[in-house]
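Data block below; observations after.
The values are calculated or read from the model by the stated rules, or taken from the named source; none is laboratory data. Everything numeric in this text was worked out from a predicted model, so none of it was measured. For neighbour counting, all protein chains shown are included, and Cβ atoms are generated from backbone atoms with ideal geometry for every residue, glycine included.
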Amino acid sequence: MNRMRNCCRFFLDLLYPNRCPCCDAFLPWNAYLCSACMEKIHVSPDALCRKCGKAKEECMCAVLPAYDEAIAISYYKKEAKSGLIAMKKSTSRNFGWYAGEQIGKWILEQPDWMMTDGIVPVPMSFGKRMLRGYNQAELIAKGIASVTHIPVLKNCLKKKHGYRAQHTLGAGARAENTEAFQPGGRDLRGYRLILCDDILTTGITMNRCAELLKESGAEAVYAAVAATTCRKREE
Ligand SMILES: [Zn+2]
Ligand SMILES: [Zn+2]
């Protein structure tokens, strides 16, 4: 647990009472989500394909993801969707911290993941980061780090300006848009890394970032996301 983060949360709660980002219920200052929402969003990692991170019935391993394994803690629907949207709109960071800590707890039980050298958040362009005040992938990365003590690494990937957010684009444009990502300049020879982001949809972003990390020398890239989309489970 990060003492500084908790201190901020305690004082912030006096001004803006803490609420569940998924259902808006009031919460104690030190809770991230209400217990009903925690239960509703929970997805067992066994329900997902370990390699691509999608629901088993929508496995996309046939397109050969560049990352080696993947984990998500929720499906992108209902409560989880509200939590992630609140994080994107900067109204609440709770879902990011929660997802990061949950992923971290899962990683503690995975020897291969615990032996990684660092966590790499999918980058956001400088302008957008300034506008929002934070990169949501970085929030999740810090949540994972607070539990596992695996460091969050800088300068592994960067994102150029002027590219639109992936979720606003169609499939063709998304593929082109991945040109937005570039290596961050850090020598990653021999590194084993955890790449993290908020949502896994088509996998194009994760794939491109994993490819770039491997081009910079990374030996293995594991993907960790807060939510994975699943057409059949969307309501
Ligand atoms: Zn709730
Ligand atoms: Zn798969």
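Residue-by-condition table, conditions (1) of a type in the set (Val, Ile, Thr); (2) under 15 Å from residue 96 (Cα atoms); (3) within 12 Å of ligand 2 (Cβ to nearest atom):
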site	(1), (2), (3)
20	no, yes, no
29	no, no, no
40	no, no, no
50	no, no, yes
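Give me the residue from region 110-133 that is within 13 Å of the chain's Cα centre (by Cα) and not aliphatic (A, V, I, L, M) and, out of that set, nearest to residue 188 (Cα to Cα). If we take residues in region 110-133 being within 13 Å of the chain's Cα centre (by Cα) and not aliphatic (A, V, I, L, M), then 121 is nearest to residue 188 (Cα to Cα). Among the residues of region 114-136, is there at least one that is in a loop (DSSP other than H, G, I, E, B), surrounded by fewer than 16 Cβ atoms within 10 Å (Cβ to Cβ) and modelled with pLDDT of 90 or more? Yes, there is a match, as at least one residue in region 114-136 is in a loop (DSSP other than H, G, I, E, B), surrounded by fewer than 16 Cβ atoms within 10 Å (Cβ to Cβ) and modelled with pLDDT of 90 or more.
If the condition is being modelled with pLDDT of 95 or more and assigned to a strand (DSSP E or B), then region 144-181 contributes 152, 157. Restricting region 33-83 to residues that are within 16 Å of ligand 1 (Cβ to nearest atom) and of a type in the set (S, T, N, Q) leaves a set whose member that is surrounded by the most Cβ atoms within 10 Å (Cβ to Cβ) is 74.
Residue-by-condition table, conditions (1) touching a strand residue (DSSP E or B) at 6+ places or on another chain (Cβ under 6 Å); (2) within 20 Å of residue 81 (Cα to Cα); (3) at pLDDT 95 or above:
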site: 20; (1), (2), (3): no, yes, yes
site: 28; (1), (2), (3): no, no, no
site: 34; (1), (2), (3): no, yes, yes
site: 39; (1), (2), (3): no, yes, yes
site: 43; (1), (2), (3): yes, yes, no
site: 46; (1), (2), (3): no, no, no
site: 56; (1), (2), (3): no, no, no
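Out of all the residues in region 201-211, is one or more more than 21 Å from residue 138 (Cβ to Cβ) and modelled with pLDDT under 95? Yes, that holds for at least one residue.
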